[in-house]
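The values are calculated or read from the model by the stated rules, or taken from the named source; none is laboratory data. Treat the numbers as computed from the prediction; the structure is a model and nothing was measured. Cβ: placed from backbone, ideal geometry, glycine included. Neighbour counts: every protein chain shown. The accessibility values were calculated without ligands, DNA or RNA, using every heavy atom of the protein model including side chains. Shrake-Rupley method; radii C 1.70, N 1.55, O 1.52, S 1.80 Å.
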Amino acid sequence: MSSSKDNLPDKPDRVSVSRRDFLKTAGVGSLATAVTAAGAAEAEAQAGPRVVGPGDVPVALTVNGKRVDLRIEPRVTLLDALRNRADLTGNKRVCDRGSCGACTMIVDGRTVYACSTLAIDVQGKQIRTVEGLASSGSLNAVQQAFCDVDALMCGFCTPGFIVAATALLERTPNPTSEQIRRGLDGNICRCGTFVRIMEATVAAAAKGVRRV
Amino acid sequence: MKAFAYVNATSEKDAVAALKFDGIALPLAGGQDLLARMKDYIDTPERVVNVKNALDRTAAPTSGGGWRIGASMKIVDLLEHADIGKMYPAIIAAATDIGTPQIRHQATVGGNLNQRPRCWYFRNEEFVCYKKGGSRCFAVNGENQYHAIFGNDGPSHIVHPSSLAVPFVAYGATFRVIGSKGEREVAAAEYFTMPTLQNVLKENVLDDDELLTHVMLPAPGNVKTGHYEVRYKASHDWPLAFTTVVLAMNGGIVQSGRVVLGAVAPVPWRSKPAEDALAGKPLNEATAAAAAEAAVSEAKPMSGNAYKVQIARTAVKRAILNAAGIKTV
Ligand SMILES: Cc1cc2nc3c(=O)[nH]c(=O)nc-3n(C[C@H](O)[C@H](O)[C@H](O)COP(=O)(O)OP(=O)(O)OC[C@H]3O[C@@H](n4cnc5c(N)ncnc54)[C@H](O)[C@@H]3O)c2cc1C
Ligand code: SF4
Ligand code: FES
Ligand code: FES
């Protein structure tokens, strides 16, 4: 069990797996199995809160207005679930620790780090990714403005910034520059194209972001 | 991250029942701290209990004229609350710059208060220090520029990472706790514990199957409050040092006050010397300077963080000036 699980794309978050890690994870397999059995028995006995996992469980998400049905482990983050299982690779995985913003999605109207959110926790919520911002082939005002003012260099931070700026403008259509700065505070551009990102957001605000 | 079984608890009772478990079970709130720790194998729970849907996420006035804040309330909802900021401005001041917008959208009050230390040795799986059941503190002879300058008797030299804990202590809050043995109330000031060899694995009085459910704030009364943070970065980071002061006034004279420093000690650090220096004095710049001096008289910095003493002094002084309505930068 452990060896096959270890090969899942959402599992290893390190470049190299040390011997210590390997031993630890190898030990987990048997333990985890034991827990499932115990958990199931307990759940029946108490009829208390239901215990699911650690193996795959059905998780139904509403992403960009569409229902996405997955079978994933409870530990899978929203980001990995959508990138690895639902072919929504627009939002990027960079730090995987809630420190960069590349994975920014909108959940029930507010930005979140999808890398720091369990998929199983956001069932029943409205999830929007960068893929959901354009409507019938035309970019939203933020996306268009990012192209127009060339607000990217490598572009890796861009999906996260576009989602964050869209969420900001949907709530605050005419932001001050301080509000833009604070609204985009949770996103980092390693290439340093912050000035252009500000410009693009101001330009998008002038055009107005229409919620699709 | 190690695989875990998951429980979505929907009542306080269910959450407590799910936490009572033979293996390691941990509550999950906004996940902004816990998930990162699990990814780094600092914690490897066999069971994770989602408490977001089990605990109160609202704030409500109490009969005594105070407020009661549910542990599941998100920081953003605290910030946007119509009344809390008017009555307890220091709470809002402390919440405003926590992490980033995305973090404030997910993180909860309960999770913020119970987040684990940011000491980089603690956060690195390879360093088995006191806090992880080992028998040494790597910060003592290591990189300790962000560690404690007060309460440095060890064994651990962390600074408590919660921004909200400091104003809660300053306003004299009480925490409501539930567990398999029932419920209890603990004064915020007594909730956080100084490390000893016996309790170093934790930062507070909670048992494994206990949860913090509410923060109860007393009516503030006739007080002036101030809050001042010194940060190295405007976002994405914790303050280097910060202070909340809550001063009971008698005309222009400070009758008594609470001066609580954050990011300088293993607990929110209440400064008795500073409080003594304020009592009976007019609220002005000279008093603020004297109280700040008194506050740092107790400081015992480590090898690499003496610079934080000046920062703490400034934070205390400016928090008091802030309470006096004197503008600072
Ligand atoms: C880049 C960055 C910058 C940050 N800056 C700051 C800052 O300036 N100030 C600050 O205060 N924080 C800061 N944080 C930390 C962040 O605010 C906390 O991680 C967050 O508040 C934790 O809340 P949560 O609801 O996400 O908790 P979780 O991650 O879900 O839980 C945190 C811990 O508390 C336990 N827990 C959760 N709920 C309860 C409960 N009701 N009772 C008992 N235990 C419980 C969990 O088991 C876990 O161990 C920062 C984080 C990052 C990544
Ligand atoms: S300060 Fe505390 S957490 Fe950090 S290394 Fe020392 S004992 Fe561990
Ligand atoms: S990948 Fe989520 S914040 Fe960096
Ligand atoms: S454009 Fe390269 S990280 Fe932002």
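Share of carbon and sulfur in the accessible area of the protein assembly as shown stands at 53%, probe radius 1.4 Å.
Based on the Kirkwood approach, the hydrodynamic radius assigned to region B:223-324 is 13.3 Å, with every pair of different Cα atoms included. Distance between the modelled labels on B:ALA248 and B:LYS20, one decimal in nanometres: 4.0 nm (7 Å Cα→Cβ projection). Derived scalar couplings between HN and Hα for region A:105-121 equal 10, 10, 10, 6, x, 10, 5, 9, 7, 5, 6, 10, 9, 7, 4, 4, 7 Hz in order, rounded to whole Hz, by the Karplus curve 6.51 cos²θ - 1.76 cosθ + 1.60 (θ = phi - 60°), x for Gly and Pro. Using a 1.4 angstrom probe on protein heavy atoms only, the contact between B and A buries about 3700 square angstrom of accessible area, both sides summed.
Summing +1 for each Lys or Arg and -1 for each Asp or Glu, what net charge is found among the other residues whose Cβ lies under 13 Å from the Cβ of A:GLY90? Once all neighbours under 13 Å are counted, the net charge is +2. Counted residue by residue at 0.36 nm each, then reduced by the alpha carbon distance between them, the extension gain from B:SER135 to B:SER303 reaches 58.5 nm. Projection of the Cα convex hull of region B:1-53, averaged over all directions and equal to a quarter of that hull's surface, yields 3.2 nm². In this simple spin-label model, placing a label point 7 Å from the Cα along the Cα-to-Cβ direction at both B:ASN199 and B:GLN255 gives a separation of 3.1 nm.
What number does region B:1-121 give for Rg over Rh if you use C-alpha atoms and the Kirkwood radius?
1.01
Take each residue of peptide B:12-19, count the partner chain Cβ atoms within 10 Å of its Cβ, and average: the result is 3. Considering only B:VAL230, B:GLN115, A:VAL51, the residue lying farthest towards the positive end of the dipole of the protein assembly as shown is B:VAL230, judged by Cα position with unit charges set on Cβ.
Taken residue by residue and averaged, Cβ atoms of other chains lying within 10 Å of the Cβ of B:93-102 number 6.
P(r) tail for region A:133-212: Cα pairs beyond 16 Å make up 41% of the total.
Taking other residues whose beta carbon is less than 15 angstrom from the beta carbon of B:GLU143, and scoring Lys, Arg as +1 and Asp, Glu as -1, yields +3. Among the lysines, which fall within straight-line cross-link reach of B:LYS13, defined as a Cα-Cα distance under 25 Å, with same-chain neighbours fewer than 8 residues apart omitted? Within the straight-line limit of under 25 Å, B:LYS13 reaches these lysines: A:LYS125, B:LYS52, B:LYS74, B:LYS181, B:LYS202. If R0 is taken as 22 Å, the Cβ-Cβ distance between A:ARG181 and B:ILE326 corresponds to a FRET efficiency of 0.25. Simple spin-label estimate for B:GLU293 and B:THR58 gives 5.1 nm between the two label positions (7 Å along the Cα-to-Cβ direction from each Cα).
Excluding same-chain residues fewer than 8 positions from B:LYS281, which lysines have a Cα within less than 24 Å of its Cα? Hits, sequence-local ones excluded: B:LYS224, B:LYS272, B:LYS317, B:LYS327.
The alpha-carbon atoms of the protein assembly as shown, seen along their principal axes, cover 67, 58, 50 angstrom, with the largest extent given first.
Full extension of the chain between A:MET153 and A:SER135 yields a length gain of 4.0 nm, computed as 0.36 nm times the residue separation minus the alpha carbon distance.
Partner chain Cβ atoms within 10 Å, averaged over the residues of A:101-112 - can you pull that number for me?
3
Where the centroid of each part is defined by its Cα atoms, how far is region A:136-212 from region B:109-165 in Å? Taking the Cα centre of each part, region A:136-212 and region B:109-165 sit 37 Å apart.
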